[in-house]
Amino acid sequence: MKKKSIVILGPAFGQFPQMVAKGFRQNGFSAECFCYAEPPDGMLQRLVWEHLPRVRVHAFRRAALERVLRRVSKACEDAASLLVIKGDAIPVDRYSVLLTSVKCPKVYWMMDSLRGIKDGLARARLADMILSFEGTDSPAVGSLPVPHQLVALAVDPDQYFPIGSAQRWALSFVGALYPNRLAMLDSILSDTRFSQELHARIVGDYRSEINPFRTRRLLHAYPSVAPYLQQATHWPHERINSLNNESRVCLNIFHPQSVDSVNPRVFEICGSGAFQLCQANAAVGRYLDLGREVEVFETAEEAADKAFYYLNHDAAARRIAAAGRRRVLAEHTYKTRVGQIIQGLKRNGVF
């Protein structure tokens, strides 16, 4: 193996490449991190991104990406491996050129479901090993002539930790407000045990910040959510950690694609030392002990019952929060997760 150096290429969103790079450094590797821009979420920004070539947006975007890819190719000349995270904002033909020209082993971390990655299998096929994210993708990924390993995300304990804040919110939720999440939150908050004086904070991007008519329709459709809603896109980790610490019950509702996978908030809420009430699926119990390190719910009615119970049994909530934090610090930090990846690479002959 060449010297213990890793080149990481991934999206700027969420600082995931930087946290993975830190995990490699904590495992004795040097790591160089390169990030590319992803399409923005806002309607106006996306319009500019996709449809206004006359203002040279396309040319600027392509030139910026090419600069990043040239730097990646240069860095890979003396690297043990190239790790590509998601990669679907890179045109597949340009992605193919990059991976076929790089001589060191290539690892592809999907870090999303195949449903959320454009040309995901075509990209995976070019790697020497695949790190998949969603368990239900395993049959499709396993059909490729490339070894693969199921790898969840993790938490950076320097980003998520207890800060001793006063718990000013009874309930909180952070995340993009997809319809399934809004419907679940609305059902929970409409429970008659939660009065209009409930202190709750719902933070997320509901994709209508520049369309007041859409916002009005959305808030009319989910009236129990409306009083607690705060528009926000890509909150920094520091602010999310603060909100977790300020909340007595942190709700976690999955994207519909998360059937056999968990989002990073599963680990981040626990890392904050906060009590987590999480939607149940096939994967949560793989990482945390249900009822001891995290509490789960199947329906909105069960979520409301458990939220009301733990708001009135603070000692029980604190015991679960403390146990969850101990578990993620022991098993679900990026240092530990990257260590598992390194062992998988060695086991499959990539290193």
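The values are calculated or read from the model by the stated rules, or taken from the named source; none is laboratory data. What you are looking at is a predicted structure, and each value in this text was computed from that prediction instead of being measured. Here Cβ is always computed from backbone atoms with ideal geometry, including for glycine, and neighbour counts include all displayed protein chains. Accessible surface areas use protein heavy atoms only, side chains included; no ligands, DNA or RNA. Shrake-Rupley method; radii C 1.70, N 1.55, O 1.52, S 1.80 Å.
If Lys and Arg each add +1 and Asp and Glu each add -1, what is the summed charge of the other residues whose beta carbon sits under 9 Å from the beta carbon of Ser224?
Charge balance near Ser224 sits at -2.
Got a sec? What order do Thr333, Thr100 fall in by accessible area at 1.4 Å, biggest, i.e. largest, first?
Ranked from most to least accessible, the order is Thr100, Thr333.
Please list 68-75, 253-260 highest first by mean number of surrounding beta-carbon atoms within 10 Å per residue.
Top to bottom by mean Cβ count within 10 Å: 253-260, 68-75.
State in Å² the accessible area per residue of the chain; use a 1.4 Å probe, count heavy atoms of protein chains only, and round to the nearest integer.
Dividing the accessible area of the chain by its residue count gives 45 Å².
Assuming 0.36 nm per residue, please report the length gained on full extension of the stretch Arg292 to His313 beyond their Cα-Cα distance.
Here the answer is 6.1 nm.
What 222 nm value per residue comes from the helices of the chain, counting each DSSP H run with n ≥ 4 as -39,500 (n - 2.57) and dividing by all residues, nearest 500 deg cm²/dmol?
-12500 deg cm²/dmol
Just the ratio, please: alpha-carbon radius of gyration of the range 97-179 over 2.2 N^0.38 Å, N its number of residues.
Cα Rg divided by the expected 2.2 N^0.38 Å: 1.53.
Please work out whether the range 224-330 counts as rounded, prolate or oblate from its C-alpha gyration tensor, where a ≥ b ≥ c are the square roots of the eigenvalues and a/c under 1.5 means rounded, while otherwise a/b larger than b/c means prolate and anything else oblate?
Rounded is the answer for the range 224-330, as its axis ratio a/c remains below 1.5.
Expressed as a whole percent, how much of the Cα-Cα distance distribution for the chain exceeds 27 Å?
Percentage above 27 Å: 50.
If each residue of separation counts as 0.36 nm, what is the full-extension length gain between Asp158 and His220 once their alpha-carbon separation is subtracted?
18.4 nm
Distances over 16 Å make up what percent of all Cα-Cα pairs in the range 305-351?
Cα-Cα pairs of the range 305-351 separated by over 16 Å account for 59 percent.
Can you give the local net charge around Ser187? Use residues other than it whose beta-carbon is closer than 15 angstrom to its beta-carbon, Lys and Arg +1, Asp and Glu -1.
That works out to -3.
Can you tell me, using C-alpha contacts under 8 Å and at least 6 residues apart, the relative contact order of the range 79-233 as a whole percent?
15 percent
Label points 7 Å out from Cα along the Cβ direction at Gln26 and Lys74: separation in nm?
3.1 nm
Probe 1.4 Å, all protein chains in place: accessible area of Glu66 in Å², nearest 10?
So the heavy atoms of Glu66 present about 60 Å² to solvent.
For the ranges 149-161, 239-251, what's the packing order if you count other beta-carbon atoms within 10 Å of each residue, average per peptide, and put the highest first?
Descending packing order for the listed peptides: 239-251, 149-161.
Residues in the range 141-157, backbone N under 14 Å from the label point at Thr100 (7 Å along the Cα-to-beta-carbon vector): list them, ranges by number please.
Within reach of a label on Thr100, which here means backbone N under 14 Å from a point 7 Å along Cα→Cβ, the range 141-157 contributes nothing.
Mind jotting down a quarter of the surface of the convex hull over the alpha carbons of the range 151-290, in square nanometres, one decimal?
8.9 nm²
Ordering Lys4, Lys86 from largest to smallest accessible area (1.4 angstrom probe), what's the sequence?
Output order, biggest surface exposure first: Lys4, Lys86.
Could you work out the local net charge near Thr136, counting Lys and Arg as +1, Asp and Glu as -1, over the other residues with Cβ closer than 12 Å to its Cβ?
In short, -2.
I'd like to compare 114-122, 15-23: which one has the highest average count of other Cβ atoms within 10 Å, and what's the full order after that?
15-23, 114-122
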